[in-house]
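The values are calculated or read from the model by the stated rules, or taken from the named source; none is laboratory data. Predicted model, so just to flag it, every value in this text is computed and none were measured. Cβ placement follows ideal geometry from the backbone for every residue including glycine, while neighbour counts extend to all protein chains displayed.
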Amino acid sequence: MSRTIIDKLWDAHAITTREDGMSLLWIDRHLLHEGSFHAFDQLDKRAAAVAHPEATFGVADHYVPTRGRAKGIANSEIARMVDLLKENTQRHHIRLIGLDDSRQGIVHVTIPEQGLTLPGLTIVCGDSHTSTHGAFGAYAFGIGASEVAHVLMTQTLWQKKPKRMRITIEGALGSGITAKDVALTIIARIGADGAQGCAIEYAGSAIRCLSMEGRMTLCNLSIEAGGRLGLVAPDETTFAWLQGRSFAPQAKAFDEAVEAWRALGSDSDAKFDREASFAAREIAPTVTWGVSPEHAAPIDGAIPDPANIRDASRAAAVRDALAYMDLKAGTSLAAIRIDRVFIGSCTNGRIEDLRAAAAVLAGRQAVVPGLVSPGSSRVKRQAEEEGLDRIFRDAGLEWADSGCSMCVGMNGDVVAAGERCASTTNRNFKGRQGPGARTHLMSPAMAAAAAVRGQLTDARELLAGRT
Amino acid sequence: MEPLNIIETPAIPLALANVDTDQLIPARFMKRPRAAGYGPFLLYDLRNIGTGQASDSLLDDPQRAGAAVMIARRNFGCGSSREAAVYALLDYGIRCVIAPSFGDIFASNAIKNGVLPARVSEADAEELLASPSATEGRAIRVDLAAQTIIAGNLVVLFTIDPVWKTQLLNGWDDIDLTMAERPAIDRFRAQDLRARPWAAVPDGENTFNNDPVEN
């Protein structure tokens with residue numbers, strides 16, 4: 001029978017399936033960050049051991065400081081979170097990419113860099129953006145603390161098979177259009193709950209043309225469309241990116257793995273439960289204006305008027321968003337002034353993202369303050385070798401260390417109350433970047449353009465003649 | 001996990017869509033140990049706490065003391081996978097959230113902690129939000145076995161995954177069920193190592209590029 005990539009990955013990991021439809025899945029990789037302390041507490045309560053420490057990796061990212069790291073962590077509560085991860089992983093013989101490690105970075109950036117993310121694997125982490133790893137054709141999803149404890153104890157998880165959804169994007173993306181614009185366009189069209197209960201396969205010629213970095217950005221944002229996970233079938237782009245990475249199979253073993261990975265793609269006549277498709281040429285640089293990623297529109301658009309929205313509850317949501325964001329219906333998005341920019345995060349903190357932002361900023365000045373936090377220490381080193389750090393610094397932006405930084409509002413990097421931030425992150429939720437902070441999501445090039453103009457700007461205007 | 005069947009308490013109506021887990025518990029409170037209780041941080045930034053003003057949130061309405069039900073609009077609990085969002089609800093006293101849809105990870109976390117995500121149509125959610133029982137803080141009855149919500153004269157049916165329903169009614173923990181599957185797990189593992197040799201994590205320090213590893 002024909003199968004989708006989702007079926008193939010599911011079948012390969014189902015240990016047993018109960019009559020009620022729940023399957024026990026084998027988990028190939030389990031990633032932990034500082035938030036895992038609740039799960040370790042549950043483990044301690046049962047005096048249980050970690051079943052497969054060799055398949056478990058700790059990464060310090062959510063609470064790590066991005067500035068003044070050499071002096072240690074001043075806030076003792078934050079320091080305790082980083083120390084707890086070290087203690088818990090040490091106690092259970094789990095390898096840790098800690099604060100002082102040369103590979104330190106955001107879990108969804110550094111783990112793929114190490115070749116730990118491979119096609120055909122199940123990967124879980126107590127973090128909703130675990131969907132990022134789907135870019136490699138892995139079945140990767142975020143879980144809660146109780147599930148983290150369950151995986152620690154058994155290396156398995158009970159799951160109900162999600163619906164299979166295919167999102168197809170055919171054609172060529174316009175110049176200056178990135179995976180971030182693709183993702184925000186999808187979310188704006190299908191809604192922040194549009195893929196609820198679904199595993200998404202991204203397909204079509206526009207997806208095939210995306211780099212691994214672009215695919216990671218796209219899969220990362222699957223959760224913002226409500227999806228359980230999002231993935232792209234592995235292809236030559238995937239294999240080339242993985243070859244030679246530390247933890248990837250080497251030499252003959254790599255060739256054999258590639259052979260197995262080639263068979264993972266959906267069969268040509270496989271049926272999906274849901275289908276959605278978009279034309280690549282219709283995707284424009286996109287920004288958010290509200291407090292949900294579904295509140296997104298092309299940069300040449302305007303803020304919707306709740307008076308024109310028939311559904312009362314949806315109109316109320318827009319009114320509530322505009323009140324929080326201090327914006328008026330009908331305002332052109334390109335007229336919105338900003339107070340600061342942030343470039344980084346597991347969504348857009350990779351080398352290509354920094355190159356795209358630097359292409360806009362080279363030889364220009366930012367008129368608002370901004371922070372650039374590379375997604376990993378490795379990305380940081382590479383950016384410095386390419387001279388990108390100089391471009392950011394010369395433009396007046398701060399060049400920091402790697403971590404979740406200003407995306408999560410828990411490590412000291414926050415946007416002040418009432419401030420408006422052009423941000424390459426994944427959530428424009430109320431208070432996400434700090435209490436009272438106002439977030440506009442966009443691509444790195446768009447954030448860089450906003451820094452130069454001090455207002456939301458079509459980055460293509462600043463890229464004309466440059467690319 | 002404590003079994004759940006019937007709840008009859010006042011409800012907290014929250015006429016908002018996309019109530020994300022960042023709002024349910026802002027990140028800055030997640031450093032706290034669970035033993036201290038997460039209830040005071042539930043929807044903290046909506047409650048004027050520490051601003052000097054009295055909270056106008058229904059969460060702090062004395063008439064609704066003991067409320068174990070919350071009613072909200074679509075996509076409740078979207079966003080971050082933080083189980084602390086459920087801890088905040090549970091520690092406050094909420095055992096059931098009624099909404100037209102839920103974030104997948106939130107719903108799963110809720111079940112693990114004995115909190116019922118009761119799914120109703122958007123029209124029914126609006127009726128419940130506007131019902132005198134909700135607006136005046138009178139008791140609402142949620143019956144899990146019957147899958148009904150009774151608010152005064154209003155009777156609404158809700159849906160719940162049958163597996164989750166059984167789990168909530170019995171207060172089962174996954175881990176006990178899994179331990180019984182040990183032989184099946186071991187068999188799968190032995191076969192899988194042969195079928196997918198590339199999937200195992202290579203061991204050995206050399207694959208770590210000789211970088212110092214903190215373990």
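Quick check on my filter: what residues within region A:265-324 are more than 12 Å from chain B (Cβ to nearest Cβ) and in contact with a Leu (Cβ under 7 Å, 6 or more places away or on another chain)?
A:ALA280, A:ILE283, A:THR286, A:VAL287, A:THR288, A:TRP289, A:ALA296, A:ALA297, A:ILE299, A:GLY301, A:ALA302, A:ILE303
Select, from A:VAL360, A:VAL367, the only residue that is more than 14 Å from every other protein chain (Cβ to nearest Cβ), touching a residue at least 40 places away in the same chain (Cβ under 8 Å) and surrounded by fewer than 17 Cβ atoms within 10 Å (Cβ to Cβ).
Values: A:VAL360 fails: surrounded by fewer than 17 Cβ atoms within 10 Å (Cβ to Cβ).
Matching residue, one of A:VAL360, A:VAL367: A:VAL367.
Quick one: count up the residues across region B:59-75 that are farther than 30 Å from A:HIS33 by Cα and within 14 Å of chain A (Cβ to nearest Cβ).
Of the residues in region B:59-75, the ones farther than 30 Å from A:HIS33 by Cα are B:59-73.
Add one more test, that the residue is within 14 Å of chain A (Cβ to nearest Cβ), and what stays is B:71-73.
Adding up the residues that qualify gives 3.
Right, B:ASP22: surrounded by 21 or more Cβ atoms within 10 Å (Cβ to Cβ), out of contact with any Leu (no Cβ under 6 Å at 6 or more places or on another chain) and acidic (Asp, Glu) or not? Full working, then the answer.
Values: surrounded by 21 or more Cβ atoms within 10 Å (Cβ to Cβ): yes; out of contact with any Leu (no Cβ under 6 Å at 6 or more places or on another chain): yes; acidic (Asp, Glu): yes.
So B:ASP22 fits the description; yes.
Restricting to region B:138-158, name every residue that is touching a residue at least 60 places away in the same chain (Cβ under 8 Å) and either farther than 14 Å from B:ILE12 by Cβ or not hydrophobic (A, V, I, L, M, F, W, C) (or both). Let's see the steps before the verdict.
First, pick out the residues of region B:138-158 that are touching a residue at least 60 places away in the same chain (Cβ under 8 Å): B:138-145, B:151, B:158.
Scanning region B:138-158 gives B:ARG138, B:ARG141, B:ASP143, B:LEU144, B:ALA145, B:PHE158.
So which residues in region B:131-159 are among the hydrophobic types (A, V, I, L, M, F, W, C) and surrounded by 15 or more Cβ atoms within 10 Å (Cβ to Cβ), if there are any at all?
Step one: filter region B:131-159 for residues among the hydrophobic types (A, V, I, L, M, F, W, C), giving B:134, B:139-140, B:142, B:144-146, B:149-151, B:154-158.
Passing the criteria: B:ALA134, B:ALA139, B:ILE140, B:VAL142, B:LEU144, B:ILE149, B:ILE150, B:ALA151, B:LEU154, B:VAL156, B:PHE158.
Conditions tested, residue by residue: (1) within 19 Å of A:ILE223 (Cβ to Cβ); (2) in the same structural domain as B:ARG138 (by TED's automatic domain parsing); (3) hydroxyl-bearing (Ser, Thr, Tyr); (4) at pLDDT below 95.
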site: B:ASN18; (1), (2), (3), (4): yes, yes, no, no
site: B:THR21; (1), (2), (3), (4): yes, yes, yes, no
site: B:LYS31; (1), (2), (3), (4): no, yes, no, yes
site: B:ARG34; (1), (2), (3), (4): no, yes, no, yes
site: B:LEU43; (1), (2), (3), (4): no, yes, no, no
site: B:GLN53; (1), (2), (3), (4): no, yes, no, yes
site: B:LEU59; (1), (2), (3), (4): no, yes, no, yes
site: B:GLY66; (1), (2), (3), (4): no, yes, no, no
site: B:ALA84; (1), (2), (3), (4): yes, yes, no, no
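crowded, with 21+ Cβ neighbours inside 10 Å, under 18 Å from the mean Cα position of the chain (by Cα) and modelled with pLDDT of 95 or more - does that describe any residue in region B:188-200?
No: zero hits.
In region B:81-95, how many residues are surrounded by 24 or more Cβ atoms within 10 Å (Cβ to Cβ) and assigned to a helix (DSSP H, G or I)? If you could, list the steps in order and put the result at the bottom.
In the first step, residues of region B:81-95 are kept if they are surrounded by 24 or more Cβ atoms within 10 Å (Cβ to Cβ); the result is B:81-89, B:94.
Remaining after also requiring assigned to a helix (DSSP H, G or I): B:84-89.
Selection size over region B:81-95: 6.
Are any residues in region B:81-91 facing chain A (nearest Cβ under 7 Å) and within 9 Å of the chain's Cα centre (by Cα), and if so, which ones?
B:GLU83
Can you pull out every residue in region A:1-44 that is more than 26 Å from A:VAL232 (Cβ to Cβ) and free of Cβ contacts under 8 Å to residues at least 40 places away in the same chain?
Correct list: A:THR16, A:THR17, A:ARG18, A:GLU19, A:ASP20, A:ASP41, A:ASP44.
Taking the stated definitions as given, is A:CYS198 over 30 Å from A:ILE336 (Cα atoms), modelled with pLDDT of 95 or more and under 22 Å from the mean Cα position of the chain (by Cα)?
On the way: over 30 Å from A:ILE336 (Cα atoms): yes; modelled with pLDDT of 95 or more: yes; under 22 Å from the mean Cα position of the chain (by Cα): yes.
Yes; evaluated as a whole, the condition is true for this residue.
Of all residues in region A:401-449 being hydrophobic (A, V, I, L, M, F, W, C) and over 23 Å from A:GLN365 (Cα atoms), which is surrounded by the most Cβ atoms within 10 Å (Cβ to Cβ)? Can you show your working first?
Keep residues of region A:401-449 that are hydrophobic (A, V, I, L, M, F, W, C), which gives A:404, A:406-408, A:410, A:414-417, A:421-422, A:429, A:437, A:441-442, A:445-449.
Remaining after also requiring over 23 Å from A:GLN365 (Cα atoms): A:404, A:407-408, A:410, A:417, A:429, A:437.
Details: A:CYS404: 32, A:CYS407: 29, A:VAL408: 28, A:MET410: 22, A:ALA417: 11, A:PHE429: 24, A:ALA437: 24.
Checking each candidate, the answer is A:CYS404.
Across region B:137-163, which residue is farthest from the other protein chains (Cβ to nearest Cβ) among those that are of a type in the set (S, T, N, Q) and either part of a loop (DSSP other than H, G, I, E, B) or in contact with a helix residue (DSSP H, G or I) (Cβ under 9 Å, 6 or more places away or on another chain) (or both)? Write out each step before concluding.
Initially, region B:137-163 is screened for residues of a type in the set (S, T, N, Q), giving B:147-148, B:153, B:159.
From what is left, the residues that are either part of a loop (DSSP other than H, G, I, E, B) or in contact with a helix residue (DSSP H, G or I) (Cβ under 9 Å, 6 or more places away or on another chain) (or both) are B:147, B:153.
Details: B:GLN147: 17, B:ASN153: 22 Å.
Checked region B:137-163; the qualifying residue farthest from the other protein chains (Cβ to nearest Cβ) is B:ASN153.
Residue by residue, here is whether (1) in a loop (DSSP other than H, G, I, E, B); (2) acidic (Asp, Glu); (3) more than 17 Å from B:VAL142 (Cα to Cα) holds:
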{"position": "B:LEU4", "(1), (2), (3)": "yes, no, no"}
{"position": "B:ILE7", "(1), (2), (3)": "no, no, no"}
{"position": "B:PRO10", "(1), (2), (3)": "no, no, no"}
{"position": "B:LEU16", "(1), (2), (3)": "yes, no, yes"}
{"position": "B:LYS31", "(1), (2), (3)": "yes, no, yes"}
{"position": "B:ALA35", "(1), (2), (3)": "no, no, yes"}
{"position": "B:ASN48", "(1), (2), (3)": "yes, no, yes"}
{"position": "B:MET70", "(1), (2), (3)": "no, no, no"}
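Can you name the number of the only condition in (1) within 23 Å of A:GLY344 (Cα to Cα); (2) of a type in the set (Phe, Trp, Tyr); (3) touching a residue at least 60 places away in the same chain (Cβ under 8 Å); (4) in contact with a strand residue (DSSP E or B) (Cβ under 9 Å, 6 or more places away or on another chain) that A:PHE57 fails?
(3)
Restricting attention to region A:219-245, which residues are within 13 Å of another protein chain (Cβ to nearest Cβ) and among the acidic types (Asp, Glu)?
A:GLU224
I'd like to verify a number: residues in region B:164-180 that are farther than 17 Å from A:HIS150 by Cβ and at the interface with another protein chain (Cβ under 9 Å from one of its Cβ atoms), how many?
Matching residues across region B:164-180 total 1.
Return the residues of region A:376-396 that are of a type in the set (Gly, Ala, Ser), in contact with a strand residue (DSSP E or B) (Cβ under 8 Å, 6 or more places away or on another chain) and not in a loop (DSSP other than H, G, I, E, B); say none if nothing qualifies.
Selection gives A:SER376, A:SER377.
What tally of residues in region A:397-436 results from selecting those that are closer than 22 Å to A:SER102 by Cβ and either assigned to a helix (DSSP H, G or I) or of a type in the set (Phe, Trp, Tyr) (or both)?
Residues in region A:397-436 being closer than 22 Å to A:SER102 by Cβ and either assigned to a helix (DSSP H, G or I) or of a type in the set (Phe, Trp, Tyr) (or both): 2 in total.
Taking region A:172-196, which residues are in contact with a helix residue (DSSP H, G or I) (Cβ under 6 Å, 6 or more places away or on another chain), among the small types (Gly, Ala, Ser) and closer than 19 Å to B:SER80 by Cβ?
Of everything in region A:172-196, those that are in contact with a helix residue (DSSP H, G or I) (Cβ under 6 Å, 6 or more places away or on another chain), among the small types (Gly, Ala, Ser) and closer than 19 Å to B:SER80 by Cβ turn out to be A:ALA183, A:GLY194, A:ALA195.
From the residues in region A:130-154 that are closer than 25 Å to A:THR238 by Cβ and at the interface with chain B (Cβ under 9 Å from one of its Cβ atoms), which one is surrounded by the fewest Cβ atoms within 10 Å (Cβ to Cβ)?
A:GLY142
Quick check: is even one residue across region A:214-223 touching a Cys at 6+ places or on another chain (Cβ under 8 Å) and either at pLDDT 95 or above or farther than 15 Å from B:ALA199 by Cα (or both)?
Of region A:214-223, the ones touching a Cys at 6+ places or on another chain (Cβ under 8 Å) are A:220.
Checking which are either at pLDDT 95 or above or farther than 15 Å from B:ALA199 by Cα (or both) leaves us with A:220.
Within region A:214-223, one or more residues are touching a Cys at 6+ places or on another chain (Cβ under 8 Å) and either at pLDDT 95 or above or farther than 15 Å from B:ALA199 by Cα (or both).
Residues A:GLY418, A:GLY434: which one is in contact with a Gly (Cβ under 7 Å, 6 or more places away or on another chain), at pLDDT 95 or above and at the interface with chain B (Cβ under 10 Å from one of its Cβ atoms)?
Details: A:GLY418 fails: at the interface with chain B (Cβ under 10 Å from one of its Cβ atoms).
Residue meeting the stated conditions: A:GLY434.
Taking B:CYS78 as meeting all but one of (1) assigned to a helix (DSSP H, G or I); (2) of a type outside the set (D, E, K, R); (3) facing another protein chain (nearest Cβ under 8 Å), write down the number of the exception.
Unmet for B:CYS78, out of (1) assigned to a helix (DSSP H, G or I); (2) of a type outside the set (D, E, K, R); (3) facing another protein chain (nearest Cβ under 8 Å): (1).
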